[in-house]
Amino acid sequence: MMKTISSLSIVIPVYNEEDNLKLLHDKLTATLNSMSGEYEIIFIDDGSIDNSFSCLQQLAHQDDKVKVIELTRNYGQTVAIAAGIDQAKGDAVIFMDADLQNDPADIPLLLAKLNEGYDVVSGWRKHRQDKWLSRTLPSKLANALISYVTKVHLHDYGCTLKIYRREVLTGYKLYGEMHRFIPAYAAQVGAKIVELPVQHHPRRHGQSKYGLERTFKVILDLFTVKFLSSYAQKPIYLFGGVGVTLILASLLLVLLLLWQKFAYGLFMITSPLLHLAAMFVILGVQSIFLGLIGELLVRTYHESQNKPTYSVRRRLNIK
Ligand code: UDP
Ligand code: MG
């Protein structure tokens, strides 16, 4: 049996959202007070240049369940969320946006689903209220690609509204646009993940901070996620694999050239394939050495910080 959740931490990154914060706090408080259990609302001011911080100050003054972290500059949504995770004390952590596009009324539903025995419940904006061409379509394509590459099949990686058991969130640092890949990371250590359709509203105040360029960042991050998930402990399998393939290809080319020489009397030296063969050998050997350097890094990573290479769900008769 998994532990029943009795306290919640709501983590909300804020970047220039002055007109949304009061209403968001009202709605959140109404929902959270109607539920049993403890909660805290953690706002991370990600270097806002409007009045967001003074709004947060006011909220914190009125309500001691509101915790505020002010970052020194704009670090981006992922880092802001990471700062919130580090502060969170609840049994479960909920991420949501500050702009009221996510609906606080979904929180009880997410929690109920989590208590059915999941580690992660991921919101799915089934009826998304954003521009189709610049937002919804690229997001659909990205989701299909991420699902295919990570083998964790979710319709909506980009939806911020998700709930996690806190244990699932400890143990890795977040970089770039990577908050959306937390479910994929969690799945690697065996977390049980499920999706739940959630509400989605158009943004009422302020502007979206993102455009189409985010899709490219997400796709680049996907390379990192795939590399870390498949090869983080055995980089030589990837680099060595490429290296050996190149060297074999080079051998085949040389055989082909020899055959041409003896069967048809063609000079090897005049063929561009000889250059290609030489290049393949050089690249292949380098790739193998890169893999070996990778292996050194893996050992440094695990052994200098005593990081285990596995994660345990539970132990019996062992303290
Ligand atoms: N955000 C942030 N730092 C940034 C950009 C955005 O903390 O550099 C916050 C923003 O205030 C909001 C959430 O991240 O709470 C999502 O941003 P936005 O609504 O612009 O994204 P969209 O919903 O358009 O994808
Ligand atoms: Mg938004």
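Taking the Cα centre of the chain as origin, sum charge times position over the Cβ atoms of Lys and Arg (+1) and Asp and Glu (-1), and report the length of that vector in debye to the nearest 20. If you can, show how the numbers build up before the last one.
Values: 35 positive and 29 negative charges, 242 e Å.
Charge dipole of the chain: 1160 debye, to the nearest 20.
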Solvent-accessible area per residue for region 82-202 (1.4 angstrom probe, square angstrom)
42 Å²
Residues meeting the amide H criterion for Ile69 (H placed from the backbone, H to H distance under 5 Å, 5 or more places apart or on another chain) are Phe43, Ile44, Asp45
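Quote the convex hull volume per residue of region 1-149, based on C-alpha atoms, as a whole number of Å³.
137 Å³
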Degrees, to the nearest 10: 52-62 long Cα axis against longest axis of the chain:
40 degrees
Among Ile44, Tyr175, Ser139, flag the residue with its Cα farthest along the positive direction of the charge dipole of region 27-181, charges on Cβ as +1 for Lys/Arg and -1 for Asp/Glu.
Ser139
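Can you send over the carbon and sulfur percentage of the accessible area for region 176-225, probe radius 1.4 Å, protein chains only? Intermediate values should be presented prior to the final figure.
Working: 1530 of 2570 Å².
Carbon and sulfur together cover 59 percent of it.
Provide the packing ranking of 178-186, 87-95, i.e. peptides ordered by the mean count of other C-beta atoms within 10 Å per residue, highest first. Mind dumping the intermediate values first?
Values: 178-186: 23.7, 87-95: 21.7.
The peptides rank, most packed first, as 178-186, 87-95.
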Straight-line reach from Lys3: which lysines have Cα under 16 Å away, leaving out those fewer than 8 places along the same chain?
Lys89, Lys113, Lys192
Most positive-pole-ward Cα, Leu316, Thr4, Thr215, against dipole of the chain from beta carbon charges
Leu316
Highest to lowest packing among 154-166, 129-141, scored as the average C-beta count within 10 Å
154-166, 129-141
Sort out for me the Cα centre separation of region 270-319 from region 195-264, rounded to whole Å.
15 Å
Lys/Arg Cβ at +1, Asp/Glu Cβ at -1, dipole of the chain taken about the Cα centre: which of Pro202, Cys55, Leu111 is farthest positive-ward?
Leu111
Straight-distance crosslink candidates among aspartates and glutamates, where the alpha carbon sits under 17 Å from Lys217 and sequence neighbours closer than 8 are dropped
Asp156, Glu177
Give me the dipole magnitude in Debye, nearest 20, for region 197-308 about the Cα centre, with unit charges on the beta carbon: positive for Lys and Arg, negative for Asp and Glu.
540 debye
Quick calc: nm separation of the 7 Å Cα→Cβ label points for His201 and Ala249 -> 5.4 nm
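The values are calculated or read from the model by the stated rules, or taken from the named source; none is laboratory data. On a predicted model such as this, the values are computed, not experimentally measured, just so you know. In this analysis, Cβ positions are derived from the backbone assuming ideal geometry, glycine residues included, and neighbour counts consider all displayed protein chains. In case anyone asks, the SASA skips ligands and DNA or RNA and just uses the protein heavy atoms, side chains included. Shrake-Rupley method; radii C 1.70, N 1.55, O 1.52, S 1.80 Å.
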